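Values in this text are rule-based calculations from the coordinates and carry no lab data. On a predicted model such as this, the values are computed, not experimentally measured, just so you know. Glycine also receives a Cβ, built like all others from the backbone with ideal geometry; neighbour counts cover every protein chain displayed.
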Amino acid sequence: MKIGIVCYPTFGGSGVVATELAHGLAHRGHEIHLVSYAPPVRFEAFDEHIRHHEVAVSSYPLFRYPPYDLALASRLVEVAEQTGLDLVHVHYAIPHTIAALLVQDIIAPQRLPVVTTLHGTDITIVGQDPAYHRVTRYALRRSDAVTSVSEYLERETLRLFEVDRPIVVIPNFVDVERFQPGVETHVRSGFAPRGEAVLVHMSNFRSVKRSLKAVEAFAVVVRTLPACLLMVGDGPERATCEARARELGVRDRVRFLGTQTDVERLLPVADVLLLPSKYESFGLAALEAMACGVVPVATRAGGLPEVIRDGEDGLLVAEEDIDRMGELAAALLADEDRLSALKQAARRAAVERFATEKVVPRYEALYREVLAADER
Ligand code: GMT
């Protein structure tokens, strides 16, 4: 199939999933056209089955807000006409679905079914804003197929938008060959020279991630054992996290590493991932950590319990119970046998339930259904 994939290229789960899907589909022989305003972070340009098409947004003095959605639609029109795309799969409803629906009209009678994947904040935050609610609802109703990355997000979408249409749940996935346990000893000893436990928090430091709480939970951990915390990523709350670490007297044990591209090299260094999010539709960071044999200690929020099975391959706590998050992490780190068992279980869960090879065919099957329905 010739498949267009539209996503945000920046660090963030939806762009990562879209790009990994592009690679997974290309690997299975499909021709992929990735469309975004910059090459996505995980895009590997040397894959001959994927082409990236950049959306150039031109400005004009009259425009206070340059219309990205229209520039995207124009670029998609070119791509669809030149390559004969079979369908377009957009990640994150706003504004991608709307742009794709416009393209359907522009290129008619050429057909271009639209598959929309909901990732979370497009429904729970952006889509709830009165400025976007009605268009999001329209996007959901008019897409040829809608998928969501968890059952939680499916339920939220049906509740918040009162749409009367099926939503197909297809979970996120991970390349379990690339994300593997296997510590580079010199990297770990660089962070933890005295054999301390290593904890990691990885996010875009937006308020929904509650990164500050990761620092607070870590401060509880270091009351009982020597440990260091790696803060991976960047975003609005990073500076506040640094200040909080200073206030709590743990600043010298917290390393702020900023945005990292090779997270698959960094994650295996850690024992535990702290994920105190207010909610997550899925929690891709948890899954990538699990694939590397890192035990997630997370809040029981949104779709996280669909990824992490409490006590089996990770630990879950109530959203407000950050002390307990720290205590549970500390107890686990102090118990070598249990830590090792949970690390192995986390890896096993990633391989058995969320490996790329298991999930990508579900998208393929959906595309075939959509194309068959479109021909009728
Ligand atoms: O976490 C964010 O705010 C970024 C967002 C995105 O679209 O990049 O992440 C969402 O999509 C990820 C991939 O499907 C999920 O793993 C995240 O849980 C989800 N974030 C939230 O629901 C807050």
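Residue order for ILE322, ILE170, fewest other beta carbons within 10 angstrom first, comes to ILE170, ILE322. Rounded to the nearest whole Hz, the Karplus-based 3J(HN,Hα) values (6.51 cos²θ - 1.76 cosθ + 1.60, θ = phi - 60°) of region 135-151 follow the sequence 5, 5, 4, 4, 4, 5, 5, 8, 5, 6, 8, 10, 10, 10, 7, 7, 5, with x at glycine and proline.
Give me the percent relative contact order of region 1-132, please, defined on Cα pairs under 8 angstrom at least 6 residues apart. Please report the intermediate quantities before stating the final value.
Numbers: 233 pairs, mean separation 32.2, N = 132.
Answer for region 1-132 is 24 percent.
Between helix 96-107 and the chain there is an angle of about 20 degrees, using the helix long axis and the longest principal axis of the Cα atoms.
Stokes-Einstein, applied to the Kirkwood radius of the chain over Cα pairs at a viscosity of 0.890 mPa s and 25 °C, places its translational diffusion at 114 µm² s⁻¹.
For ALA197, the residues 5 or more places off, or on other chains, whose built amide H falls under 5 Å of its own are ALA227, CYS228.
Per-residue extension of 0.36 nm, minus the Cα-Cα distance of ASP234 and THR83, leaves a gain of 50.7 nm for this segment. Each of LEU112, ALA131, LEU34 was scored by the projection of its Cα onto the charge dipole of the chain, and the greatest displacement toward the positive side belongs to ALA131; charges sit on the C-beta of Lys, Arg, Asp and Glu. Each Cα pair under 8 Å and six or more residues apart adds its sequence gap; the mean of these over the residue count of region 185-354 is a relative contact order of 23 percent.
Quick one: net charge of ARG137's neighbours, Cβ under 13 Å, K/R +1, D/E -1? Walk me through the numbers on the way to the answer.
Numbers: positive: ARG134, ARG141, ARG142, ARG159, ARG165; negative: ASP122, ASP129, GLU162, ASP164.
Spelling it out: positives minus negatives among the neighbours equals +1.
Counting charges near HIS23 (Lys, Arg +1; Asp, Glu -1) among other residues having Cβ under 11 Å from its Cβ returns a value of -1. Put the Cα centre of region 110-138 next to the Cα centre of region 312-338 and the gap is 36 Å. The slack in the chain from ARG362 to SER340, taken as 0.36 nm per residue of separation less the alpha-carbon distance, amounts to 4.7 nm. Which angle between 0 and 90 degrees, to the nearest 10, do you get for helix 336-354 versus the longest principal axis of the chain when only C-alpha atoms count? Around 10 degrees separate the two axes.
Within 10 Å of each residue's Cβ, count the other Cβ atoms and sort LEU328, LEU225, LEU273 from fewest upward. All intermediate terms of the calculation are to be shown ahead of the outcome.
Numbers: LEU328 19, LEU225 13, LEU273 29.
By the 10 Å Cβ count, ascending, the order reads LEU225, LEU328, LEU273.
Name the shape class, rounded, prolate or oblate, that the alpha-carbon gyration tensor gives for region 185-354, where a ≥ b ≥ c are the square roots of its eigenvalues, rounded holds for a/c under 1.5, and otherwise prolate holds if a/b is larger than b/c and oblate otherwise. Since a/c stays below 1.5, the shape of region 185-354 is classed as rounded.
Electrostatic tally near PHE173: other residues with Cβ closer than 11 Å to its Cβ, Lys and Arg +1, Asp and Glu -1, net -1.
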